[in-house]
Amino acid sequence: MANQYQNAISVEHLNKSYATLQSKELTVLQDINLDIQTGEFVSIVGSSGCGKSTLLRLLVGLENQYRGKILIDGQVISGTSLDRGIVFQDHRLFPWLSVKENIRIALHNKHLSRVEEDKLIDEHLELVKLSQFRNAYPSQLSGGMNQRVAIARSLVNRPKILLLDEPFGALDALTRQNLQDELQMIWQHEKITMIIVTHDVEEAVFLGDRVVVMQPHPGRIKRIVEIPVMHPRKREDVRLHNIKNDILLDFVNPQKDELSPLNSKVFSDYQFAW
């Protein structure tokens with residue numbers, strides 16, 4: 001699969017740290033090496049604190065202080081760009097603007113005519129199946145519908161790369177599955193590079209061409225898993241279930257037996273505030 005692509009993103013020996021109150025450094029990402037190819041869908045999965053969202057913020061250009069290299073199409077990134085869109089877990093729509101005007105805001109720097117803007121907005125509302133809600137306000141829509149508006153807003157500039165940071169994390173299970181199906185369809189239609197960060201291993205496997213498995217403290221890549229299943233995919237595919245179960249083994253806590261009730265203190269040994 002990889003041979004049909006060219007690298008869109010190259011991450012080389014990436015390290016990211018933050019200063020703490022004790023004038024020490026907290027290492028969030030350590031020696032990250034990753035090539036993501038043009039048109040590929042890559043999932044990044046890991047437990048809390050492994051630096052997934054930090055990596056995404058670095059790729060989109062929201063943070064610029066790091067060691068190592070991040071190259072987009074062979075060029076070092078410098079700040080944000082219309083070539084890179086991002087969707088957050090919170091849709092971040094403006095409640096006082098209609099769906100149509102929330103999407104129009106993303107076109108502010110494109111210097112298009114009103115007619116050209118309307119055409120692009122209508123195309124992307126059709127893409128996310130919300131054409132009939134163009135004049136509705138966020139408070140009148142469900143959480144899943146608002147997230148579709150956020151996806152349309154991120155795509156309206158025709159970015160080469162779309163980054164998604166837990167975009168479905170706050171949604172119920174049925175809505176989440178429906179939006180995963182729609183995202184898969186949008187990716188196939190738009191043929192752009194997509195990178196999703198998620199805690200959900202099943203979601204990562206269902207969507208990604210590859211799954212990057214990360215470990216915390218500090219954040220680092222444990223392994224990269226190929227998903228050799230053609231799109232569009234079916235959830236009942238036993239191959240996807242087997243890959244998911246294999247990845248889940250990476251998150252088994254080897255010390256869990258030490259935390260079992262048989263090895264823990266008795267209830268009376270603990271101090272409580274009540």
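All of the numbers you see were taken from the coordinates with simple rules; none came from a lab. Just so it is clear, the model here is predicted, and its values are computed rather than measured. For neighbour counting, all protein chains shown are included, and Cβ atoms are generated from backbone atoms with ideal geometry for every residue, glycine included.
Per-residue HN-Hα couplings for the stretch 215-231, Karplus 6.51 cos²θ - 1.76 cosθ + 1.60 at θ = phi - 60°, whole Hz, x for Gly and Pro?
Each residue's phi maps through the Karplus curve to give 10, x, 6, x, x, 8, 7, 7, 6, 10, 10, 6, 10, x, 10, 5, 8 Hz.
What is the magnitude of the charge dipole of the chain about its Cα centre, with +1 placed on the Cβ of each Lys and Arg, -1 on the Cβ of each Asp and Glu, and no other charges, expressed in debye to the nearest 20?
Here the size comes out at about 420 debye.
With charges only on Cβ, +1 for K and R and -1 for D and E, what is the dipole size of the stretch 146-230 about its Cα centre, in debye, rounded to 20?
Value, rounded to 20: 400 debye.
Once you've got the GNM for the chain with C-alpha springs shorter than 10 Å, pick whichever of Tyr18, Tyr137, Tyr66 has the biggest mean-square fluctuation.
Tyr18
Straight-line reach from Lys16: which lysines have Cα under 24 Å away, leaving out those fewer than 8 places along the same chain?
Lys24, Lys52, Lys69, Lys222
Which percentage, to the nearest 5, of the DSSP beta bridges contained in the chain is antiparallel?
Counting DSSP beta bridges with both partners in the chain, the antiparallel share is about 55 percent.
For Asp122 and Arg67 in one chain, what is 0.36 nm times their gap in residues minus the Cα-Cα distance, to one decimal in nm?
Between Asp122 and Arg67, full extension yields 15.6 nm more.
Obtain the nm distance between the two label points defined at Thr20 and Ser131 by a simple spin-label model: each point lies 7 Å from its Cα along the Cα-to-C-beta direction.
Placing both labels 7 Å beyond Cα along the Cβ direction yields 5.6 nm.
What value, in deg cm²/dmol to 500, does the helix sum -39500 (n - 2.57) over DSSP H runs of n ≥ 4 give at 222 nm once divided by the residues of the chain?
My calculation for the chain gives -8500 deg cm²/dmol from helical runs alone.
Put +1 on the Cβ of every Lys and Arg and -1 on every Asp and Glu Cβ in the chain; which of Gln188, Thr38, His217 then has its Cα farthest towards the positive end of the dipole?
Sorting the options by dipole projection puts first Thr38.
Between Leu82 and Asp172, what is the spin-label point distance in nm, taking each point 7 Å from the Cα along the Cα→C-beta axis?
It works out to 3.9 nm between the two label points.
Non-local amide H neighbours of Gly68 (under 5 Å, H modeled in plane, Pro and chain starts lacking H): which ones?
Residues meeting the amide H criterion: Asn15.
For the stretch 94-150, state what percent of all Cα-Cα pairs lands in each successive 10 Å bin, counting from 0 Å until the bin that includes the largest distance.
Calculated P(r), rounded to whole percents: 25, 57, 17, 0.
For Val42, list long-range residues whose amide hydrogen, built 1.01 Å from N in the peptide plane, is under 5 Å from its own amide hydrogen.
When sequence neighbours closer than 5 places are left aside, the close amide H contacts are Met194, Ile195, Ile196, Asp209.
What is the stretch 47-171 by shape, rounded, prolate or oblate, if you read a ≥ b ≥ c off the alpha carbon gyration tensor as root eigenvalues and call it rounded for a/c under 1.5, prolate for a/b larger than b/c, and oblate otherwise?
Taking the square roots of the gyration eigenvalues as a ≥ b ≥ c, the stretch 47-171 is oblate.
Multiply the residue separation of His108 and His217 by 0.36 nm, subtract the distance between their alpha-carbon atoms, and state the gained length in nm to one decimal.
Computed gain between His108 and His217 is 35.3 nm.
With a 10 Å Cβ neighbour count serving as the proxy for reagent exposure, in which order, fewest first, do Thr38, Thr20 appear?
So the residues, fewest neighbours to most, are Thr20, Thr38.
Of all beta bridges DSSP finds with both residues in the stretch 119-240, what is the antiparallel percent, to the nearest 5?
Antiparallel: roughly 55 percent of the beta bridges in the stretch 119-240.
Taking amide H positions as placed in the peptide plane 1.01 Å from N, state which residues far from Lys222 in sequence (5 or more) or on other chains have amide H under 5 Å from it.
Amide H neighbours of Lys222: Val213, Met214, Gln215.
Quick check: convex hull of the Cα atoms in the stretch 144-196, volume per residue, rounded to a whole Å³?
67
Using a 10 Å cut-off around each Cβ, can you sort Asp237, Asp200 from fewest to most neighbouring Cβ atoms?
Ascending number of Cβ neighbours within 10 Å: Asp237, Asp200.
Which one of Ile77, Asn15, His108 is farthest out on the positive end of the charge dipole of the stretch 10-124, using unit charges on Cβ (Lys, Arg +1; Asp, Glu -1) and the Cα centre as origin?
After comparing all options, I get Asn15.
With charges only on Cβ, +1 for K and R and -1 for D and E, what is the dipole size of the stretch 7-94 about its Cα centre, in debye, rounded to 20?
Value, rounded to 20: 280 debye.
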